[in-house]
Amino acid sequence: MAFGGVLVEANITAALDACKDGGTFDHKKFFKSCGLHDKSADDIKKAFAIIDQDKSGFIEEDELKLFLQNFKSGARVLNDAETKAFLGAGDTDGDGKIGADEFVVLVKTNNGAK
């Protein structure tokens, strides 16, 4: 488990179950459910390093599509609309990708998610 020691397995499972159907992924709810929202910036950057599969220093659109699979092998791929919404929420400088600092802000910004 790539997130072992950072996140609780039961919370990851609950977060994945809540968005198992296409079109149901909401990054704010996911980050809160899995517990990443409550972690330190350092822990969030550790998560970023896992999600940044090509180690480019950014999470690009193709990596966002596979976002859920970082939490559990066999999890579904995000659809195009979910991926674009996720990228739009995190890409604050408009470069088409999410940097580590942008990811920390994205995870920590809750905007009323339950």
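The values are calculated or read from the model by the stated rules, or taken from the named source; none is laboratory data. Keep in mind it's a predicted model, so treat the numbers as computed, not measured. No Cβ is skipped: glycine too gets one built from the backbone with ideal geometry, and neighbour counts run over all protein chains shown.
Taking interchain pairs and intrachain pairs at least six residues apart, which have beta carbon atoms under 6 angstrom, with the first residue in the stretch 93-104 and outside any helix (DSSP H, G or I) and the second among the aliphatic types (A, V, I, L, M)?
98/59
At pLDDT 95 or above, surrounded by 16 or more Cβ atoms within 10 Å (Cβ to Cβ), closer than 17 Å to residue 21 by Cα and touching a Ser or Thr at 6+ places or on another chain (Cβ under 9 Å) - does that describe any residue in the stretch 59-66?
Checked the stretch 59-66: at least one residue is at pLDDT 95 or above, surrounded by 16 or more Cβ atoms within 10 Å (Cβ to Cβ), closer than 17 Å to residue 21 by Cα and touching a Ser or Thr at 6+ places or on another chain (Cβ under 9 Å).
Inside the stretch 22-78, can you point out the residues that are of a type in the set (Val, Ile, Thr), touching a residue at least 24 places away in the same chain (Cβ under 8 Å) and more than 22 Å from residue 8 (Cβ to Cβ)?
59
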